[in-house]
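Scroll down for the structure; my scribbles are underneath it.
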Amino acid sequence: MPGDPVSAWELTGPRLRAQIGSRAAYVDFWNRFQSVERGAVSAQDGSLVASMPVTFTERDGSVSAEQHRISLVRGDDGRLLIDYDVPV
């Protein structure tokens, strides 16, 4: 995400976009981080809900690890979009 948040915005669904408010706010959020690493993703076959560990490294060097649950939706073109992302 920190490498190209503008392109990543195109992979967000309507619920996440409504929560964030704007592409500028999304880009500002991701620009706080030097890196973001995702661990192994787990989901049941056919489910559009997945969970994964995520490690955030901020530009000041501080690191935090969280478990996240994401919900996906299909976009108009059939691509999967991240529609909700919440730490659990």
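Laid out as a table, the results:
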| quantity | calculated |
| --- | --- |
| Qualifying positions in segment 58-79 - closer than 19 Å to residue 10 by Cα and open to solvent by less than 80 Å² (accessible area, probe 1.4 Å) | 70, 71, 72, 73, 75, 78 |
| Yes/no for residue 55 being among the polar types (S, T, N, Q) and surrounded by 15 or more Cβ atoms within 10 Å (Cβ to Cβ) | no |
| Residue count, segment 71-85 (criterion: charged (D, E, K, R), in a strand (DSSP E or B) and touching a residue at least 60 places away in the same chain (Cβ under 8 Å)) | 2 |
| Filtered residue count, segment 1-10, keeping only those that are in contact (Cβ under 8 Å) with a residue 12 or more places away in the chain and open to solvent by 80 Å² or more (accessible area, probe 1.4 Å) | 1 |
| Selection status of residue 13, more than 15 Å from residue 88 (Cα to Cα) and open to solvent by 30 Å² or more (accessible area, probe 1.4 Å) | no |
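The values are calculated or read from the model by the stated rules, or taken from the named source; none is laboratory data. The structure presented is a predicted model; accordingly, all values stated were derived computationally and were not measured. All Cβ positions, glycine included, derive from the backbone under ideal geometry; neighbour counts span all protein chains shown. With ligands, DNA and RNA removed, areas are computed over all heavy atoms of the protein, side chains included. Shrake-Rupley method; radii C 1.70, N 1.55, O 1.52, S 1.80 Å.
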